[in-house]
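What follows is a short report on a single structure.
Only the coordinates and a few stated rules stand behind these numbers; no lab work does. Being a predicted model, the structure only gives us computed values, none of them experimental. All Cβ positions, even for glycine, are placed from backbone atoms using ideal geometry, and neighbour counts span all protein chains on display.
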Amino acid sequence: MGNCTYALPYAHESTHGVLLSLGLVSVAHRWIAKPGARRSFVLGLLSGLSIVLKPEFMLLSALVVGCAVLLRVRSKRPTTATEITWAGMALVIPMALFTLYFWCSLPLAAAFRAANQAWWSVLVSHVHAQVWASFLGADAPLHNLGSITVAGGILALSVGTMWLGAERASRGSRLAILLVPIPCGLALAGADWLKAAFCVPLGLLAVLAVRIAKAIRRQDAESPLRLLLAAGALALFIRMSLYPRFFHFGFYQAALATMVVLAETLVLLGSAAGQHKMTRLVVRASTGLVIASACLGIFLSSRALLSLRTFPVGTGRDRFLTFAPKQDTSGFLVEKMVDALRLQPDASRVLVVPEGLMINYLARRHSPLPEWIFIDLTLAGSAEAALVDRLRADAPEFVVLISRDLREHGITHFGAEGQPGQRLIAFFHQRYRPILQLGGDPFTSKLKGAQLLRRAF
């Protein structure tokens, strides 16, 4: 997907949050080793920045700082009142500054909500979207748990076999070294790399258990840092814990967890090989080949998907390629709607429902509403009725109804009785008349389509 990468994130808070997370782990590790007011202030400031980003980064901050405090207590250096004071002051700075910034154009209460959406939407809002269950994998928990268990078992068996081979080979058993490349060879022969993330959840839990045990026993100096990384990885990964994936939102939510599991696995195998040069070489070659193959496999899958994008939409600097109509008619529908809108007066405004701000952009037509998508999250409760009231007071000249698969939001037929969009569609039928129809009914999943409506009065 074009909007789920580091170059084109679906939300810039995602990329900002990953950088913040790594910085927070680094500062927390140094704060454990060498406490002080200055580092407490930086720790509080980074935690405060997570408040204005996304809920998973808030959870990461809480887990990382909590682990750091417990590790300080374990080392008999509890947090001082001065450190708490400095961290507390720094914590509220981002929230306060963003609230003041939004207050320039919004009422104070709305400005506060805008600056604190990361926790407001979770702790205060009563909207519960179906899409959250889909992202988490809670819509098919038993199936997903089964897949995770099988994948985790395969990973454990593979790593265990490699560890046994490396350990025996390092002690002089020449044949045992053959146990190292066998699991890697099987992975190269039959692995589906796009589903390999199902190995991560149980692997991450195992890493966390080991890191916690070693941190409690203070067995090595690196345990605090590795524990903080594992705790942060769990926080980011938890939103897709039942449906782990590298693609879609996995581009950042699975990244840290995958890195932690992979790094700990390589360390484990390296310790089994010891100083035996041949064994270390076989371990590195085998694991390196698997990693390279996984990266190449995902890359080739992405390239194959990209090669299907041959249909041009837009012109000049706005031109981009999407799927040809025989694969997906969405690009074709957008292009035709844009062409039709360009024939209308320049001052006319366009509302695209349930989603399609790209049409407004390409046609250079303003939308009458700040909302850009109309789903269960934005139409819940009395929100849809309020939107209709605003449209009655200031109705746009044109409305575009276009197909958008909303099943992940629990919407099977947008606008149908008892489903989101019912009031909006009823309003459009009253005030607008169709002037262009492409394809089928825009709100059924059987055949994609689009309608251009003109205001009748």
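Relative to the longest principal axis of the Cα atoms of the chain, the long axis of helix 330-342 lies at roughly 40 degrees. Taking packing as the residue-averaged number of other Cβ atoms within 10 angstrom, the listed peptides 32-39, 112-119, 350-357 run from highest to lowest as 350-357, 112-119, 32-39. With contacts taken as Cα pairs under 8 Å at a separation of at least 6 residues, the chain carries a relative contact order of 12 percent.
Estimated from the Cβ-Cβ distance and a Förster radius of 41 angstrom, the FRET efficiency linking Met89 and Ala386 is about 0.60. Taken along the Cα-to-beta-carbon direction at a fixed 7 Å, the label points for Arg431 and Asp394 span 1.2 nm.
The lysines whose alpha-carbon is closer than 19 Å to the alpha-carbon of Lys34, local same-chain residues fewer than 8 away aside, are Lys76.
Under the classification rounded if a/c is under 1.5, otherwise prolate if a/b is larger than b/c and oblate if not, where does region 312-455 fall, given a ≥ b ≥ c as square roots of the Cα gyration tensor eigenvalues? The shape class here is oblate.
Excluding same-chain neighbours fewer than eight residues apart, the lysines reachable from Lys336 by a Cα-Cα span under 26 Å are Lys326, Lys446, Lys448.
For trypsin sites (Lys or Arg not before Pro), the sites in region 210-251 that DSSP calls loop and that have at most 15 other Cβ atoms within 10 Å are Arg218. Classification of region 154-241 by its C-alpha gyration tensor yields an oblate form. The axis ratio a/c (a ≥ b ≥ c) is 1.5 or more, and b/c is at least a/b.
Given their separation in residues at 0.36 nm each and the Cα-Cα distance between them, Ser121 and Val210 gain 28.6 nm when the chain is fully extended.
How far is helix 37-51 tilted off the main Cα axis of the chain, in degrees rounded to 10, range 0 to 90? Once rounded, the angle reads 40 degrees. A Förster distance of 45 Å, applied to the separation of the beta-carbon atoms of Thr80 and Tyr6, puts the FRET efficiency at 0.70. Here region 413-438 and region 170-204 have alpha carbon centers that stand 54 Å from each other. Here the label points at Ser271 and Ala156, each 7 Å from Cα along the C-beta direction, are separated by 1.8 nm in the simple model. For the chain, the spread of Cα coordinates along the three principal axes comes to 87, 58, 42 Å, biggest extent given first.
Here r is the Cβ-Cβ distance between Ser301 and Ala416 and R0 is 35 Å; the resulting FRET efficiency, rounded to 0.05, is 0.45. Shape index of region 200-296: Rg/Rh, with Rg the Cα radius of gyration and Rh the Kirkwood radius from the inverse mean 1/r over Cα pairs, equals 1.01.
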